[in-house]
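What follows is a single structure, written as structure tokens, with notes after it.
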Amino acid sequence: MGGGIGSRFWPFSREDRPKQFLDFFGMGRSLLQMTVDRFARLIPVENIYIVTNRRYLALVKEQLPLLREEQILLEPSRRNTAPCIAYASYRIRARDPKANIVVAPSDHLILKEEEFVREIEKALNFVREKPSLVTLAIKPSRPETGYGYIQSSETCDGEFIKVKTFTEKPNLELAKVFQESGEFFWNSGLFVWNVNVIIEAIHQFLPDISARFDLGIDKFNTSEEAVFIGEHFDYCPNISIDYGVMEKADNVYMLCVDFGWADLGTWGSVFDIAPRDEFNNAVLKTRALFYEASDNIVAIENPDRLVVMQGLKDCIVAESGNVLLICRKAEEQRIKQYMADAQIKFGNEFK
């Protein structure tokens, strides 16, 4: 899944070049490229599909030249993850009616790739035998309010634990309770299932989506697919797969994993995994001098620019294009609002 804007990473992530197309760590590969590299280790490249907004077709082709254009599924509009997953599932089923699928966001970082491959293979083997919806779960290391949580039950099938409840982005007090309980895990957003099991679940819980796609069931994986999607996709409800299916289904299992997962959804999440100096300052892709400054993250698009910082603590300093952002790390949830205000006051050049 690679169609989001990543507005919480503004000003680095812009509408014309969102975060999945960016190289945050100076590694020479964007987040999208690293995601495809990771999956190419266990899935044939011809079986990898990218679902993205149609305005990003050229970017995807530029960054992933090994993929054929028919492997890039284009959404006419943003409708969250449920329509995105439904579209890919209908296309894949038209090509392989028995396919098993891994669904992955394009903006995650995985530090232990060997372990990642083992866990994905384990999940694929499970759904090959069991009509289940599997989500990969992460033991929480802090009371994070930006992630969804999964509550485990006492029902197990080997290493796979039946999920009791899903909770989306709790407040801080509830997140603390979740972490202390030992029953709750972060929902990684990585899912594994059989194509028929997920489409059956979409029929059951999201009939507004399945009814639309069923109208063109003979058009998927044909030359008529793009026109059909252009005519019908916008009628799908804007809803996540978590709300639409996972919270309601009774065949959801979790596999607890530890492969160095990080959801790069916020500047704070990048700060958590970035190298830091003796005063806990993180610097990305540039050079910096700090004086009486600590616990900051600095990200400057121009690698030749030197940042000199005095007296700041717990701040984000990010410069890209025509925007310099300086804000408290604790207030980073307001970045979306800053971006919206800049557009309203000064124009769309600040998208």
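Taking the stretch 149-159 as the range and being part of a strand (DSSP E or B) and open to solvent by 60 Å² or more (accessible area, probe 1.4 Å) as the test, the residues that pass are 154, 155, 156.
I'm told residue 274 meets every condition in (1) touching a residue at least 40 places away in the same chain (Cβ under 8 Å); (2) open to solvent by 30 Å² or more (accessible area, probe 1.4 Å) except one. Can you identify the failing condition by its number? Among (1) touching a residue at least 40 places away in the same chain (Cβ under 8 Å); (2) open to solvent by 30 Å² or more (accessible area, probe 1.4 Å), the lone unmet condition for residue 274 is (2).
Taken together, the criteria place residue 307 among residues that are in contact with an Asp or Glu (Cβ under 9 Å, 6 or more places away or on another chain) and within 23 Å of residue 14 (Cβ to Cβ). Scanning the stretch 332-351 for residues that are among the aliphatic types (A, V, I, L, M) and in contact (Cβ under 8 Å) with a residue 60 or more places away in the chain, we see that the one that is least open to solvent (accessible area, probe 1.4 Å) is 335. Closer than 24 Å to residue 145 by Cα, open to solvent by 70 Å² or more (accessible area, probe 1.4 Å) and assigned to a helix (DSSP H, G or I) - does that describe any residue in the stretch 319-331? Yes, that holds for at least one residue. In the set 252, 308, 257, only one residue is within 19 Å of the chain's Cα centre (by Cα) and either among the polar types (S, T, N, Q) or more than 17 Å from residue 25 (Cβ to Cβ) (or both); that residue is 257.
Every condition in (1) out of contact with any strand residue (DSSP E or B) (no Cβ under 6 Å at 6 or more places or on another chain); (2) in contact (Cβ under 8 Å) with a residue 60 or more places away in the chain holds for residue 192 except the one numbered (1).
Counting only helices (runs of 4 or more DSSP H) that sit wholly inside the stretch 180-267, those with at least 1 residues that are touching a Gly at 6+ places or on another chain (Cβ under 7 Å), closer than 18 Å to residue 164 by Cβ and not aliphatic (A, V, I, L, M) are 195-205.
Scanning the stretch 90-128 for residues that are in a helix (DSSP H, G or I), of a type in the set (Gly, Ala, Ser) and either more than 19 Å from residue 253 (Cα to Cα) or open to solvent by 30 Å² or more (accessible area, probe 1.4 Å) (or both) yields a single hit, 94.
Looking only at residues in the stretch 281-303 that are over 29 Å from residue 35 (Cβ atoms) and either touching a Cys at 6+ places or on another chain (Cβ under 7 Å) or assigned to a loop (DSSP other than H, G, I, E, B) (or both), the one that is most open to solvent (accessible area, probe 1.4 Å) is 292.
State whether one or more residues within the stretch 131-139 are open to solvent by 70 Å² or more (accessible area, probe 1.4 Å), over 22 Å from residue 180 (Cα atoms) and not charged (D, E, K, R). Checking the stretch 131-139: at least one residue is open to solvent by 70 Å² or more (accessible area, probe 1.4 Å), over 22 Å from residue 180 (Cα atoms) and not charged (D, E, K, R). Scanning the stretch 22-72 for residues that are open to solvent by less than 40 Å² (accessible area, probe 1.4 Å), closer than 28 Å to residue 123 by Cα and in a helix (DSSP H, G or I) yields a total of 10. The listed residues are 57, 42, and the only one of them that is touching a helix residue (DSSP H, G or I) at 6+ places or on another chain (Cβ under 6 Å) and at negative phi turns out to be 42. Candidates 176, 162: the one that is assigned to a strand (DSSP E or B), surrounded by fewer than 17 Cβ atoms within 10 Å (Cβ to Cβ) and not polar (S, T, N, Q) is 162.
Does residue 264 meet the test of being among the hydrophobic types (A, V, I, L, M, F, W, C) and closer than 22 Å to residue 49 by Cβ? The answer is yes for residue 264. A single member of 125, 171, 100 is polar (S, T, N, Q), touching a residue at least 12 places away in the same chain (Cβ under 8 Å) and within 30 Å of residue 52 (Cβ to Cβ), and it is 100. Hey, any hits in the stretch 12-19 for a residue that's without any contact (Cβ under 8 Å) to a residue 40 or more places away in the chain, under 30 Å from residue 322 (Cβ atoms) and not in a helix (DSSP H, G or I)? Within the stretch 12-19, one or more residues are without any contact (Cβ under 8 Å) to a residue 40 or more places away in the chain, under 30 Å from residue 322 (Cβ atoms) and not in a helix (DSSP H, G or I). Put simply, of 242, 250 the only residue that is surrounded by fewer than 19 Cβ atoms within 10 Å (Cβ to Cβ) and either of a type outside the set (Lys, Arg) or modelled with pLDDT of 95 or more (or both) is 250.
The values are calculated or read from the model by the stated rules, or taken from the named source; none is laboratory data. The shown structure was predicted, so the numbers you read here are calculated from the model rather than taken from an experiment. Heads up, the Cβs are rebuilt from the backbone with ideal geometry, glycines too, and the neighbour counts pull from every protein chain shown. Ligands, DNA and RNA are stripped out before the accessible areas are found, and what is left, the full protein with its side chains, is counted by its heavy atoms. Shrake-Rupley method; radii C 1.70, N 1.55, O 1.52, S 1.80 Å.
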